[in-house]
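Nothing in this text is a laboratory measurement; each read-out follows from the coordinates by a stated rule. Keep in mind that this is a model prediction, so the values were computed, not measured. Every residue, glycine among them, receives a Cβ derived from its backbone with ideal geometry; neighbour counts consider all protein chains shown.
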Amino acid sequence: VRQVLIQQKPRNWRQLKKHQIDARLIRNPVELIGKEVYVRRNSSYAERLHNLSDEIGGDIVMVEGDEAWDTEAMIRMVADGDIGLTVADEDIAKVNATYFPQLDIETAVSFPQQIAWGIRKNAPELQNYINTWLAFMKGKPDFHVIYNKYFRSDKAQLRRVRSDFFSGQQENGKLSPYDEILTEAVDSLLPHWDWRMIAAQMYQESKFDPRAESWVGAQGLMQLVSETGRYHGATNLFNPTQNIWAGVKHIRWLEQIFESKVSDPEERKKFILASYNVGQGHIYDARKLTQKYGGDPELWDEVEQYLLLKSKSQYFRDAVVTHGYCRCTEPVKYVEEIYTRYERYMQLMPEGDSTLGPDTLIALAQD
């Protein structure tokens with residue numbers, strides 16, 4: 001993998017042609033002479049910039065932060081305009097560029113380099129432990145999510161179509177074409193859940209598009225990765241019935257995890273939805289931080305504040321945190337938007353009604 005320079009595009013970059021953008025950016029490493037570049041001390045990026053200074057015959061002004069500086073946090077600082085330049089591995093840069101389109105990541109500052117774990121030659125037990133752990137992790141859904149995120153992000157732009165059920169074009173009075181499948185699955189597996197909430201989640205995930213596929217490899221109506229789907233019995237995630245049942249089973253699985261952690265059933269749903277989006281590990285961390293700093297780990301409104309703080313080194317490096325950095329604005333927004341949509345669904349289709357009337361279809365079209 002190459003190391004690349006992270007810099008902001010010009011403010012009006014959307015109105016410019018590519019050659020005009022290139023003319024305003026650093027495209028030759030020689031142009032880095034005298035420029036400030038922010039990197040973490042003792043990192044491979046700092047080492048590379050030291051070597052690059054020798055290669056180009058001029059000093060790059062390195063601002064080296066301590067080991068608490070996180071690469072993705074510095075990329076965000078460039079995106080926010082807090083710092084001018086940083087360096088990252090190209091895979092990490094590509095992922096972050098999908099979040100921050102104002103960033104340019106095209107200028108390489110190294111040749112492609114191999115990345116590997118480094119251990120002492122006289123540490124065979126450590127080597128065996130690492131190999132065993134890697135083999136174990138490769139069988140876990142989390143491994144494939146992370147692998148797809150960093151190594152296949154350029155292959156998958158999210159393919160989602162505008163839902164007719166929010167455009168007012170449907171006249172059958174349903175929330176989605178899959179209402180019957182969803183109500184059957186929820187009644188069977190999650191009888192204390194409102195199927196309209198899962199419908200709101202399904203729209204959040206795929207906009208009711210059974211062929212939706214995200215850039216991290218999640219597929220279908222409930223956006224499951226293949227390993228999670230197989231765990232819950234789905235062999236074809238583009239099949240609406242299989243996908244919905246697997247998604248509802250996954251929600252039930254998460255509920256079994258949080259049942260002993262969050263006593264209030266309604267409050268628990270928020271933790272489950274957030275875990276569906278970002279994984280339960282980051283939610284565990286946020287709960288521990290909440291408790292450590294005097295909050296209530298069973299109240300989502302308090303836990304979400306510490307979830308958001310997991311992007312700051314003071315918190316993601318806290319002794320109680322075991323899952324590291326998280327750009328957790330997404331799961332917080334995810335829960336909020338699902339509940340907002342769910343409230344709308346309850347207004348439009350009161351409990352007991354199985355179809356929407358003409359007036360509510362018009363209201364949906366106007367949302």
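To check you understand DSSP bridge types, tell me what percent of the beta bridges within the chain (both residues inside) are antiparallel, rounded to 5. If we restrict to bridges inside the chain, about 60 percent are antiparallel. Beyond 23 Å, the tail of the calculated P(r) for the stretch 227-316 holds 32 percent of the Cα pairs. Springs between Cα atoms under 10 Å define the GNM used for the chain, and in it the highest mean-square fluctuation of 74, 137, 222 occurs at 137. Take every pair of alpha-carbon atoms less than 8 Å apart whose residues are at least six positions apart; their mean separation over the length of the chain yields a relative contact order of 14 percent. Just want the answer: with Cβ charges of +1 for Lys and Arg and -1 for Asp and Glu, which residue in 37, 182, 223 is farthest toward the dipole's positive end in the chain? Toward the positive end, the furthest listed residue is 37. Amide H to amide H distances under 5 Å link residue 109 with 3, 4, 5, where only residues 5 or more positions off or on other chains count and H is placed in the peptide plane. Fewest neighbouring Cβ atoms within 10 Å first, the residues 30, 225 line up as 30, 225. Helix-only arithmetic for the chain: the sum of -39500 (n - 2.57) across DSSP H runs with n ≥ 4, divided by the residue total, places the mean residue ellipticity at 222 nm at -15500 deg cm²/dmol. Note on the chain: GNM, Cα springs under 10 Å; of 13, 300, 245, the largest mean-square fluctuation is that of 13.
Divided by 2.2 N^0.38 Å, where N counts the residues, the Cα radius of gyration of the stretch 3-104 comes to 1.05.
A Cβ-based charge dipole, computed about the Cα centre of the chain with Lys and Arg at +1 and Asp and Glu at -1, lands at about 1100 debye. Going by neighbour counts of Cβ atoms within 10 Å, the residues 192, 250 line up, fewest first, as 192, 250.
Using only the alpha-carbon atoms of the chain as identical scatterers, what base-10 log of I(q)/I(0) does the Debye formula give at q = 0.12, 0.13 Å⁻¹? Results for the chain at q = 0.12, 0.13 Å⁻¹ read -1.05, -1.17. Considering only 132, 329, 228, the mean-square fluctuation computed in a Gaussian network model of the chain, springs between alpha carbons under 10 angstrom, is largest for 132.
For the stretch 11-20, backbone phi angles converted through the Karplus equation (6.51, -1.76, 1.60; θ = phi - 60°) give residue-by-residue couplings of 4, 9, 4, 5, 8, 9, 7, 4, 5, 6 Hz, Gly and Pro being listed as x.
The lysines within cross-link reach of residue 292, meaning a Cα-to-Cα straight distance under 29 Å and a gap of 8 or more places when in the same chain, are 261, 269, 270, 310, 312, 333. For the stretch 14-65, taking Cα atoms only, Rg and Dmax work out to 13.3, 39 Å respectively.
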